[in-house]
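Scroll down for the structure; my scribbles are underneath it.
The values are calculated or read from the model by the stated rules, or taken from the named source; none is laboratory data. What you see is a predicted model, and the numbers here were worked out from it, not measured in a lab. Don't worry about glycine lacking a Cβ; one is built from the backbone with ideal geometry, like all the others, and counts go over all protein chains shown.
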Amino acid sequence: MLVRPPRFPRSRVSAGLPSCVPQHRLRLGRRRGAPNTAPFVDNAPRSNTSPSAELDAARGGLKRLDFRYAIIPENNRQHFSNMTSAYGLTVGRSAGNGLLHSQPSLSWRPFSAVSLGTGLRNLTSSSISPNKTAFPSVRSTWVHPRGLPARTYRYVRSSFVFDRPPTHLPFDMKVHARDQIIRRRQFRYSGKTIQEWRMANREMYQARWDGREVVEEYAQYVEYPMDDTDTQLVEALKQTNGPTFGDKWDSLIYWDRASRWKRLSLWLLWNSPELAVEFVRVTCHPSQKYTPVFAMVADCLTYLEDLHYAEMKRWRKGPYDFRSVIQTCLRFKTWPLAYLPQKGARVYIREVDREHVYKAWTYVGRKNHQLKGETWFAFMNRFMEFGDIDNAIQALEFARRSFQLLQVDAPNDSLSRHCSKLLTLDFVEDTKSGERNFRILPTLLRMGIRPDRDMMNVVLSNALETGDPHLGLDMLRYMRAEGFELDSYSYMALLQDAIARLDQERLAQLMEELEARPEIKKSPYIASKILHAHFVFNVKNLDITANRREIFDSLLTKYHELHDITPLKDLSIVPYGSDLPANGEKTPPSAISLYLMIATWLRCQTQVTNVERVYHKFRELVRQGHEDVAPLAATDHTYNEFMLAYRKQPHGLRPACRVMEDMLHFAHESGGESGSPEATITHTPPTVQTWTLLLSAFVYNHQPHAAERVKEMMATHGVEYDINTWNVIISGFASRQDATGVAQSIKELEGQGLSVDAFTMKALGYLRDPEQLWTAMDELALKPASLRLRDPLQPAPTPLQLHETDDEQPRPASVPFAALEDERLLDRGLQLLKANA
C-alpha cells in the first residue's frame, strides 16, 4: 500500500515563500523593519582601484524607481514615497495600506526659487503631462494574486518632460578610464585597509585634541615595534647629510613601500609631526611612480595643520615650507574624478597661491569633477579674496547646482556668510538700458537667493556709500517692511552715513532709537561710533572761542555712560573735582573709544606742559603692558595726536622728537626678548603720516634745516612720500619764496605718479611772485596740465588736519620697514635747532 504524501499549504507554493514561513506571518500592509534601521547606500568604491557598482549602473541611464523603505525614527516614520525624489516629484499616499490598496497621488506647485536647493524640488505646470494624472511607472495595471505590488522598470524621463534636464553624473566609460589612470599611480590598498587606516587617523586626531591616549584598539598603530628598515628610514629623515630618505625609499620594492607607508605615516604623525611633513612630501613627490592614496594624504596634512599649526608655520626644509608641501602633495592633477575626497580638495584650494587656484579651477571644469557645494564655496572664498567677482558668482552657481543635485538644502549660515561677503564687493554700474544698478545684487536675486538680514545690512551699507541718501532710505524702508529687525550692523551703517554727511538731524533721530534699545547701544562698536559722532561735530573743527572744558566734559559724560572710567584716571586726564565714580561693572573701553577720549583731551589743551605730562604717563603705561592703554601702541593714531598737540608751539618740537624716538625704540624692541612685557605688544613703527607730522612741525615753526634732516631720516628708513608729505614740503618752499624748490618738488611729485590737488594749489598761494614759478618750470621743462589758474571767485579749500580718518577701527601701519634701528633723533634734532637759533 502506498503512503499518501502530505498536503502542502497552497500559500507556500503560490507565493513562492519558504516552507518555514507560516501563512499568518504575511502582511498586506506596511512591512515593519528593525526599529533603528535607515536606508543607506555606500556609493564609494571598495578600494582605490576597483570600480564600484555605481559606475556600472550609471552607464545605463537614470536610476529606476524603487519603493523599498525602512523605518526612520528621526523622520517620524516617513515612507520613501513621501520623501522628495531626485527629480522634483512629491508622491503622497492615502490612509490604509498605501501603495498596496490605493493609487498614489501626485502634487505639483509652481517653481519658486527662493533659496538654494529648491530648484529641482518643484515642477512647473509644463512639467506635468497634459492629462495631469499620476505617472504610470508608479503603479502597474497588473495586480498580483496575493495583493503584492509589482515593480516596474520604466524611466522617469519617459513619462515626464523637465524644463531643465537634470545633470547626469558623468561616470561614463571615458570618465571611468581617466579615473583609473589616476588611481593606478596610487598604492593599491583594499577598501577595508583604507577604512581601517582612516579610522585610526581619526582616533589619533580626537585623542590629540582631547589630550588623552589612543584607545587600546588603535594603540598598535602608534606604538608598533619597528624593524631595522623602519628604523633606518626614520633616521634618514632626521639626517641632513649622507644618504637621503628619498634614496632609501626608492630602493624598496612596491609592496614593501605600500605596507610601510600606512604604518610609518601614523607613527610619525603621533610621535614626530615635523618628520611626518618631510615623509609625506618625499613619498608624494611627482617623481614617484606610485604615491599614497589621495584621501590618506589629505588626512595627514589636515591632522598636521589643525593640531600642530605653530610647528607647521615654522617648518622649513630647503626651499620647501608647509604650504608648498600642500601644493605638491594635494596637487589637482591627482584628484580622483569619481568620488573625490572633498576635504583634501578644500585644503588645497585654501592654501595654494593665486596661480594654482586658477589652474585647479580650469582643471575641474575641463575634467568635470563632481564637487560638493562646500568645495565650490572654497573656490568662491578665494575669488572674493582676489576681487574676481565673475568667477565668484560662477562658483556660487555651481554650488547651487551641486546642492540641487544632491537634494539637500544649502546651510543657511554658510550661504548667508558667503553671499554677504560677496556683496561687500558690490558697486554701482551703468546697465545696457542706460540705468544705474548694482553689479552683484541683481545676479543673486536672479539665482533665486532671498536675502536675509545679514545680506540686507550689506546692501544697506552699499546703498549708503553711493552718496544717494534717497537710495539708502529706500533700502531701510524695504527692510522694515519685510520685517527685518535692525541690529548693530544696521545702526553702524546708518550712524556712519549720518556722520559722513554731517547730518545732525538724522543723527539725533538715530540716537532716540538707540535709547529705546540699550542692548544695542552698549555694543562696543555702536558705543565707539556714538563717541566718534560727538568728536566729529564738536571737537574735530574746534572753534577758537569755544569753551574747551565744557566740550571735554560733555564727551566725558557720554563715555561714562558706556564704559569704565578707570583707564582715563590712570592716564590722569580726568579733570580735578569731577564727581564721576569709577565703576568696574561697566564694560572696558574699546581701543577706538579710548583713542577718541585722548584725542579730545589733547585738542582741548593749550599748554604743552600738560600734553608732555600725559604723554609720559601714556608711555609708562605702554611699557607696563596696561590692559586698555597698551593696545593703543599697535597703531599710529594716538602718537599722531600727540604730534598734533606738540606742533602748535615751538616749545613742542623737542617732545615731538621724543615721540618719534620712542616709536622707533619700541618697534625695535617688540621683537626682542620673549619674557619682556613689550614682547606681548605689537608696537607700530612710525608711518608716513607720523613722519609728515614731524616734518610739518619744523616747517610751520620755520626750522628748514631740521626739516631737511627729517627728510634724510625718512630716506634712511625707506619711507615713501604721499601727497600730504609733498604738500608740506611745497608749503615750506613757498613760504620761503623758493620758486625753484617748488618747481623741483612738483616735478618729483609727478614723477612718483601723484598729481597736485587743491591743497597743493593753496600752498602755491604763498608765493608773492608767481612768475618766478613759471620761469623755474620752463627751466625744468615742466608743464603740468594740473597747474592751471584757479577761478578767483571759487573759494580755496579749507586745509584738513593730517591723518584724520572716519574709519571705525584704527588701521595698522601700512609702510613696511626692512630694518629699524634706535636712532638718536632727539639729540641730533636739538643740535640743529641750537645751531639755527
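Conditions tested, residue by residue: (1) under 23 Å from the mean Cα position of the chain (by Cα); (2) over 22 Å from ARG501 (Cα atoms); (3) surrounded by 17 or more Cβ atoms within 10 Å (Cβ to Cβ).
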position	(1), (2), (3)
ILE389	yes, yes, yes
LEU396	yes, yes, yes
LEU425	yes, yes, no
ILE440	yes, yes, yes
LEU445	yes, yes, no
ARG453	yes, yes, yes
ASN457	yes, no, yes
THR466	no, no, no
Item checked: Count - residues of region 283-326 that are over 28 Å from the mean Cα position of the chain (by Cα) and not in a loop (DSSP other than H, G, I, E, B) -> 3
Next item on the list: Give the residue, chosen from ARG477, ARG450, that is at pLDDT 90 or above and out of contact with any helix residue (DSSP H, G or I) (no Cβ under 7 Å at 6 or more places or on another chain).
Entry: ARG477
Note to self: Looking at the structure I just gave you, is GLY625 under 25 Å from LYS569 (Cα atoms) and outside the structural domain of VAL539 (by TED's automatic domain parsing)?
What the structure shows: yes
Note to self: Looking for something surrounded by 13 or more Cβ atoms within 10 Å (Cβ to Cβ), touching a His at 6+ places or on another chain (Cβ under 7 Å) and outside any helix (DSSP H, G or I) - is there at least one such residue anywhere in region 575-582?
What the structure shows: yes
Next item on the list: Residue by residue through region 721-742, note down the ones that are among the β-branched types (Val, Ile, Thr) and either closer than 19 Å to PRO686 by Cβ or within 48 Å of the chain's Cα centre (by Cα) (or both).
Entry: ILE723, THR725, VAL728, ILE729, ILE730, VAL742
Next item on the list: Kindly establish whether PHE379 is modelled with pLDDT of 95 or more and either under 15 Å from the mean Cα position of the chain (by Cα) or assigned to a helix (DSSP H, G or I) (or both).
Entry: yes
Notebook entry, point to check: Of the numbered conditions (1) assigned to a loop (DSSP other than H, G, I, E, B); (2) modelled with pLDDT of 90 or more, GLU673 satisfies every one except a single condition; which is it?
Noted result: (2)
Margin query: Residue under question is VAL214, and the condition is that it be part of a loop (DSSP other than H, G, I, E, B), under 41 Å from the mean Cα position of the chain (by Cα) and at pLDDT 85 or above; does it hold?
Written below: yes
Next item on the list: Give me a count of the residues in region 598-652 that are under 23 Å from LYS540 (Cα atoms), touching a Pro at 6+ places or on another chain (Cβ under 8 Å), not in a helix (DSSP H, G or I) and not hydroxyl-bearing (Ser, Thr, Tyr).
Entry: 2
Note to self: Looking at region 535-556, I want the residues that are without any contact (Cβ under 8 Å) to a residue 60 or more places away in the chain and have a partner that is surrounded by fewer than 18 Cβ atoms within 10 Å (Cβ to Cβ) and hydrophobic (A, V, I, L, M, F, W, C) with Cβ atoms under 9 Å, at least 6 apart or on another chain. Which pairs are those?
What the structure shows: PHE537/LEU502; ASN538/ALA546; ARG548/LEU542; ILE551/LEU542; LEU556/LEU580
Item checked: Residues of region 387-396 classified as over 14 Å from TRP361 (Cα atoms) and in a helix (DSSP H, G or I), total -> 1
Checklist line | Residues located in region 269-282, provided they are part of a helix (DSSP H, G or I) and under 32 Å from the mean Cα position of the chain (by Cα) | finding: LEU269, TRP270, PRO273, GLU274, LEU275, ALA276, VAL277, GLU278, PHE279, VAL280, ARG281, VAL282
Check: Applying the selection to region 362-413, what residues are among the polar types (S, T, N, Q), without any contact (Cβ under 8 Å) to a residue 12 or more places away in the chain and under 14 Å from ILE349 (Cβ atoms)?
Finding: THR362
Notebook entry, point to check: Which residue pairs have Cβ atoms closer than 7 Å, lie 6 or more positions apart in sequence or on different chains, and pair a first residue in region 735-764 that is within 24 Å of ASN701 (Cβ to Cβ) and of a type in the set (D, E, K, R) with a second residue that is in a helix (DSSP H, G or I) and at pLDDT below 90?
Noted result: ARG736/PRO704
Check: Which residue out of ARG257, ARG208 is buried (at least 17 other Cβ atoms within 10 Å of the Cβ), over 26 Å from ARG314 (Cα atoms) and at pLDDT 90 or above?
Finding: ARG257
Item checked: Filter result (among the charged types (D, E, K, R) and either under 23 Å from PRO518 (Cα atoms) or assigned by TED's automatic domain parsing to the domain that holds ARG506 (or both)) within region 531-574 -> ASP553, LYS558, GLU561, ASP564
Check: Does region 221-244 include one or more residues that are aliphatic (A, V, I, L, M), farther than 23 Å from ILE326 by Cβ, modelled with pLDDT of 90 or more and not in a helix (DSSP H, G or I)?
Finding: no
Margin query: Out of everything in region 335-376 that is polar (S, T, N, Q) and modelled with pLDDT of 90 or more, what residue ends up being nearest to the chain's Cα centre (by Cα)?
Written below: THR375
Notebook entry, point to check: With (1) surrounded by fewer than 18 Cβ atoms within 10 Å (Cβ to Cβ); (2) of a type in the set (S, T, N, Q); (3) closer than 25 Å to PRO524 by Cα as the list, and THR431 as the residue in question, which single condition is left unmet?
Noted result: (3)
Note to self: Condition first: among the aromatic types (Phe, Trp, Tyr) and either in contact with a Gly (Cβ under 6 Å, 6 or more places away or on another chain) or surrounded by fewer than 17 Cβ atoms within 10 Å (Cβ to Cβ) (or both). Now tell me which residues in region 211-232 satisfy that.
What the structure shows: TYR224
Notebook entry, point to check: Do you know which residues across region 306-334 are buried (at least 17 other Cβ atoms within 10 Å of the Cβ), of a type outside the set (A, V, I, L, M, F, W, C) and under 25 Å from TRP209 (Cα atoms)?
Noted result: HIS308
Next item on the list: Give the residues of region 176-211 that are in contact with a strand residue (DSSP E or B) (Cβ under 9 Å, 6 or more places away or on another chain), small (Gly, Ala, Ser) and in a helix (DSSP H, G or I), sorted by residue number.
Entry: GLY191
